[in-house]
Structure formats: C-alpha cells, structure tokens
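Only the coordinates and a few stated rules stand behind these numbers; no lab work does. Note that the structure is a prediction, hence the values are computed from the model and not measured. We place every Cβ from the backbone using ideal geometry, glycine too, and count neighbours over all the protein chains shown.
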Amino acid sequence: MKGYWNKAEATAEVMQDGWFHSGDIGMLDALGFLIIMDRAKDIVIRGGENIGCAEVEYAITEHPAVSEVSVYGIPDDRLGEVPCASVMLKAKQTLTEAELKGFLQDKIAAFKIPERFYFQYDQLPRIASGKIAKKELRQQVIDSLAKG
C-alpha cells in the first residue's frame with residue numbers, strides 16, 4: 001500500500017518504514033493461523049492493565065437480556081482510563097448495573113468489568129459502514145459526566 005488517497009497525515013500514521021500498521025492485534029494459533037483479537041485503538045489501559053474491548057463486549061452479549069453492546073474507555077483521574085459500556089437491551093427486558101456486574105464476575109477478570117453501564121432500548125448509533133459509533137458513544141458519556 002502506498003497510502004491513503006489525498007490523506008498524507010492519515011498515511012503517515014499507519015505507514016512506518018514501508019510497512020502498513022493496521023492497528024489490529026492478533027496472535028498465531030497452534031496451526032499457524034492468524035487470529036485477530038482486537039484493535040489497538042480499542043484497548044483500554046486501566047491503571048497499567050490492558051483491557052480488550054472485544055473480550056468485554058463478548059462477555060456482556062452472553063447475557064440473555066442484551067441485544068448489542070459497545071465498550072470503550074473513558075478518562076479517569078486516578079487510573080488513566082476505565083471501561084464503560086453502552087448496552088442495547090432486547091425488547092421488554094430489564095437489567096440493572098448490579099445484575100450485569102454480577103453476571104460478568106464469572107466471565108471476565110474484575111478489573112475488566114466496566115465502571116459504568118448505559119442501558120437503552122434503541123439501536124446503538126452507527127457510522128456509514130454500519131459499525132457501532134464508539135467515538136460518538138464515548139463522547140456522549142464524557143459530555144454527560146462533565147455536566148454532572
């Protein structure tokens with residue numbers, strides 16, 4: 001890849017010494033197959049611990065009341081960042097933060113459990129490609145916390 005069309009700054013961010021850095025984090029399995037685990041941008045660094053948002057999202061979606069979820073980091077004065085989750089519930093389902101935290105205790109490490117959950121029944125916002133708009137959700141939460 002030579003670069004992004006008419007986007008020199010974006011190209012400079014991903015091209016280093018002639019190599020394209022996708023931002024994907026992966027591992028090779030026992031057979032030598034590459035497994036994409038997460039994106040570097042989606043890693044929350046909480047007090048020095050790395051938290052993969054995809055792992056936390058997967059654990060949350062195992063709850064029967066959850067339709068879809070997005071996990072992202074929000075700033076924290078003490079820890080740097082903490083995980084936060086926006087959760088779309090299935091119709092006619094209810095779920096509290098305490099119930100979901102209890103559900104997650106057996107699924108993921110305690111430090112990976114989101115500090116805050118935002119529940120809704122509407123579909124989470126999307127970007128043009130159809131992916132959940134994590135940046136938008138993150139900014140909404142940061143703005144609401146700033147207002148108090």
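Placing dummy labels 7 Å off each Cα toward the beta-carbon, the span from GLN120 to PHE20 is 3.3 nm.
Between THR61, THR94, THR11, the Gaussian network model of the chain with springs among Cα atoms under 10 angstrom shows the greatest mean-square fluctuation at THR11.
Note down the magnitude of the dipole of the chain about its Cα centre, charges +1 on Lys and Arg C-beta and -1 on Asp and Glu C-beta and zero elsewhere, to the nearest 20 debye.
On the way: 18 positive and 22 negative charges, 80 e Å.
Taking the Cα centre of the chain as origin, the dipole is about 380 debye.
Here the simple spin-label model places points 7 Å from the Cα toward Cβ, and for LYS107 and LYS92 these points are separated by 2.3 nm. Estimated from helices alone, the mean residue ellipticity of the chain at 222 nm is -7500 deg cm²/dmol (sum of -39500 (n - 2.57) over DSSP H runs with n ≥ 4, per residue). Note on segment 49-147: antiparallel DSSP beta bridges, both residues inside, total approximately 70 percent of the bridges counted. Taking GLY52, GLY80, GLY32 in turn, the Gaussian network model of the chain (Cα-Cα springs below 10 Å) assigns the largest fluctuation to GLY32. Only lysine pairs 8 or more places apart, or on different chains, with alpha-carbon atoms under 19 angstrom apart are counted in segment 8-138, and they number 8.
Can you tell me the order of 100-107, 69-76 when each peptide is scored by its average per-residue count of other Cβ atoms within 10 angstrom, highest first? Don't skip to the answer; put the middle values down first.
Values: 100-107: 14.5, 69-76: 20.8.
Most protected by this proxy first, the peptides run 69-76, 100-107.
For ILE74, the residues whose modelled amide H falls within less than 5 Å of its own, excluding neighbours fewer than 5 places apart on the same chain, are VAL82, CYS84.
The structure shown yields Cα Rg over 2.2 N^0.38 Å, and of the options (i) 1.34; (ii) 1.05; (iii) 1.18 that calculated value carries the label (iii).
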